[in-house]
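Engineer: Below is the structure I would like to discuss, written out as structure tokens.
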Amino acid sequence: MIGIYVTGGKDEELSKLNPEEGMRLAKEHSRYLMKEARLRAAAEGVRLQLKQDAIAALPPHLREVAMVPDLTPFPRTRIPAAISPPIAGYMEEMAKAAEQASKIQKSR
């Protein structure tokens, strides 16, 4: 028998599975993961094809420029996208706390 447990708080046994049921569930999960991977790969292929079609539709002088990869790095001060709006004064507070922490480290 194989026991399935939840790890959160205390471990609680959900159910007992025999080896055949465990193998069946493992294969089902594997099939699900492979299906997801194939869908992602297919979507990526479509995106690449659309990109190539869009570049091919450009006039020749723009097509040449579009084919050159942009390898410039992002600026170090770039703020990543966030789900929520920024908190007013948060960056200043963090800078002040970092400065105080560095002063404490220097005094040791």
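Here, each number is a calculation from the coordinates, and none is a lab measurement. Computed from a prediction, not measured in an experiment: that's the story for all the values here. Quick reminder, even Gly has a Cβ in these numbers, built from the backbone with ideal geometry, and neighbours come from all protein chains shown.
Engineer: Expressed as a fraction of 2.2 N^0.38 Å, the rule-of-thumb size for a compact globular protein of N residues, what is the C-alpha radius of gyration of the range 65-108? Mind showing how you got there, number by number?
Structural biologist: Working: Rg = 17.9 Å, N = 44, 2.2 N^0.38 = 9.3 Å.
The value comes to 1.93.
Engineer: Can you give the percent of C-alpha pairs in the range 11-108 whose distance is more than 22 Å?
Structural biologist: Value for the range 11-108: 73 percent of Cα pairs lie more than 22 Å apart.
Engineer: Could I have the simple spin-label model distance between His61 and Glu92, label points 7 Å from Cα toward Cβ, reported in nm to one decimal?
Structural biologist: Here the answer is 4.9 nm between the modelled labels.
Engineer: Among 45-53, 65-73, how do they line up from the highest to the lowest mean number of other beta-carbon atoms within 10 Å?
Structural biologist: Working: 45-53: 10.0, 65-73: 7.1.
Peptide ranking by packing, descending: 45-53, 65-73.
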